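Below is one structure, written out as structure tokens, with a few remarks after it.
Bear in mind that the values in this text are calculations on the coordinates, not laboratory data. Keep in mind it's a predicted model, so treat the numbers as computed, not measured. Neighbour counts run over all protein chains shown; Cβ positions are idealised from the backbone, glycine included.
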Amino acid sequence: MKVKVAILGCSGRMGRNLIQAAVEHEQIELVGGSVRATSSFVDFDLGELAGIGAIGQKTSTELSELLDADVFIDFTSIETTLENIKWCQENKKSLVIGTTGFTDEQVQIIENAGKGIPVILAPNTSVGVNLMFKLLEITAKAIGDYTDIEIFEAHHRFKKDAPSGTAVKMGQVIADTLGRDLNKCAVYGREGITEERDRETIGFATVRAGDIVGEHTAFFADLGERIEITHKASSRMTFALGAMRAAAWLSEADNGYYDMQDVLGLK
Ligand code: NAD
């Protein structure tokens, strides 16, 4: 039987790709999508929104119109996602969260929601990126103690948060592997006289430009050689298809707080 899915924020950049991915995915049945009540896409055909032709389903402005769905996929904004979590808890609906930029306290709220519903927090739903997290763990274990570690990320001009959720997660994976506290060892951007680099730090650099879909590189640099681990996304469909895989997996999961590593069996 197919998994019934609703897409929250379906008129956004990701939302439109999610509609297309849901329609094309053999395990998924798209039952609806939400837009803001003030949106110019209220009561709009979901297929038209995604540019794939009419599919006979209209956008909704209230989550209560989407009760048919078993799994909700949320790529909206921090404030909206926090509201949506409450609603999913009250209505016992599973939730895949693709929204990024949550503070530690907000992540705690999401983690707590896992006591009552199945929930995935996935700041990056690409399969390749999640494989990269595994490669970072292996590399950090082998050479992280004596190399300079820097994380670079680039995204399109419209992205609201920085550094990206994926870059932060990369830092978190490396810091956890090395037994460091990311809150203490992260350095965000540099300017002026910065003195010699402290080996214990993990640096972050951010570029925002044009239509870059998403690029991430971790440098592990020694004197004489360096390793660079890079992921480049060239289409948002890669995130959308990963989100469908997460939704299908979550539909069979018990209540709990999960991430993409669970979905992909990389733990
Ligand atoms: P976007 O601004 O194009 O889309 C967000 C959409 O959510 C907008 O259409 C907005 O109107 C809608 N929205 C906000 N509040 C709403 C509400 N209350 N009801 C209905 N709709 C509402 O942004 P985007 O580029 O699509 O990204 C959305 C989020 O997903 C961001 O946090 C981004 O960082 C994240 N993202 C995650 C991944 C991933 O792999 N997890 C990939 C790309 C983007």
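Charge dipole of the chain (Cα centre as origin; +1 on each Lys and Arg Cβ, -1 on each Asp and Glu Cβ, all else neutral): 380 debye, rounded to the nearest 20.
Taking the Cα centre of the range 1-79 as origin and assigning +1 to Lys and Arg Cβ atoms and -1 to Asp and Glu Cβ atoms, the resulting dipole is close to 180 debye. Between Gly51, Gly114, Gly203, the Gaussian network model of the chain with springs among Cα atoms under 10 angstrom shows the greatest mean-square fluctuation at Gly51.
Taking the longest Cα principal axis of the chain as reference, the axis of helix 78-90 is set at about 50 degrees. Residue order for Glu111, Glu62, fewest other beta carbons within 10 angstrom first, comes to Glu62, Glu111.
Here the range 127-233 is treated with +1 on each Lys and Arg Cβ and -1 on each Asp and Glu Cβ, and its dipole about the Cα centre works out to around 460 debye. Computed over neighbours whose Cβ is under 12 Å from that of Asp104, the net charge equals -3, Lys and Arg +1, Asp and Glu -1. Computed extension length for Ser64-Asp43: 6.1 nm, one decimal, from 0.36 nm per residue of separation with the Cα-Cα distance subtracted. Measuring nothing but how far apart in sequence close Cα pairs (under 8 Å, 6+ apart) lie, relative to its length, the chain scores a relative contact order of 22 percent.
With an a/c value of 1.5 or above and a/b larger than b/c for the gyration tensor axes a ≥ b ≥ c computed over the alpha-carbon atoms, the range 1-49 is described as prolate.
Here Lys159 is the anchor, and the lysines within straight C-alpha reach of less than 30 Å, apart from those fewer than 8 places off in the same chain, are Lys4, Lys58, Lys86, Lys93, Lys134, Lys169, Lys184, Lys232, Lys267.
If both residues of a DSSP beta bridge must be in the chain, then about 35% of such bridges are antiparallel. Relative to the longest principal axis of the Cα atoms of the chain, the long axis of helix 104-113 lies at roughly 40 degrees. Between helix 127-143 and the chain there is an angle of about 20 degrees, using the helix long axis and the longest principal axis of the Cα atoms. Summarising the overall dimensions of the chain from its C-alpha atoms, the Rg and Dmax are 19.3, 62 angstrom. Both radii are taken from the alpha-carbon atoms of the range 127-233; with Rh as the Kirkwood radius, Rg/Rh is 0.95. With neighbour counts taken as other beta-carbon atoms within 10 Å, the residues Met237, Met244, Met1 rank, fewest first, as Met1, Met237, Met244. Dividing the mean sequence gap of close Cα pairs (under 8 Å, 6+ apart) by how many residues the range 1-97 holds gives a relative contact order of 30 percent. For the options Gln108, Gln20, Gln172, a Gaussian network treatment of the chain with springs between C-alpha atoms closer than 10 Å singles out Gln108 as fluctuating the most.
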